[in-house]
1. Per Stokes-Einstein, at 20 °C and 1.002 mPa s, what whole-number D in µm² s⁻¹ belongs to the range 45-87, with the Kirkwood radius over Cα pairs as the hydrodynamic radius?
2. Return an integer: the convex hull volume of the alpha-carbon atoms of the chain, in Å³ per residue.
Amino acid sequence: MSTEDDVRNASKHFYAALNRMANGDAGPMAGAWSHGAGVTAMHPIGGRSVGWEAVKGSFEQFAQLATDGRVELKDQLIHVAGDMACELGVEHGQMKLAGQPVSIEQRVTNAYRREGGAWKVIHHHTDISPAIVGVLSKLPPPGKAGGR
């Protein structure tokens, strides 16, 4: 198997975990990601998460609102340089977020690093999703009951 195939398999693992998250279970993300302080994510809701604990927390928060989700990576392009790899593509899919249907179509860049012989995600960056941001903007702030 080629190194590019190994990265492609790591990507399949990440997208399987992302689909579990889109159905309310962020737990499998731990197996796909590096757990270092330097990992980063820039999600379709905006902002930036730095460090494994922050990245994990962002996926856990999103999973609390997500159901009936399916996300696929299309137009995948992988570049490998030593123990680092970069993946480009377009995520397509749908989910319900806080009960509201949301379509997904956003460009994505994922970075991977080989750690102990396994490829792990170290960075995930997507376009901002106006549809997702729109749904989230209508929700009450965390810890508040009722509307705004």
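1. Values: Rh = 13.3 Å.
Translational D for this selection: 161 µm²/s.
2. Working: hull volume 15.0 nm³, N = 148.
Normalising the Cα hull of the chain by residue number yields 102 Å³.
Taken together, the values in this text are just the output of simple stated rules run on the coordinates, not laboratory data. Bear in mind that the values here come from a model prediction, so they are computed numbers and not experimental data.
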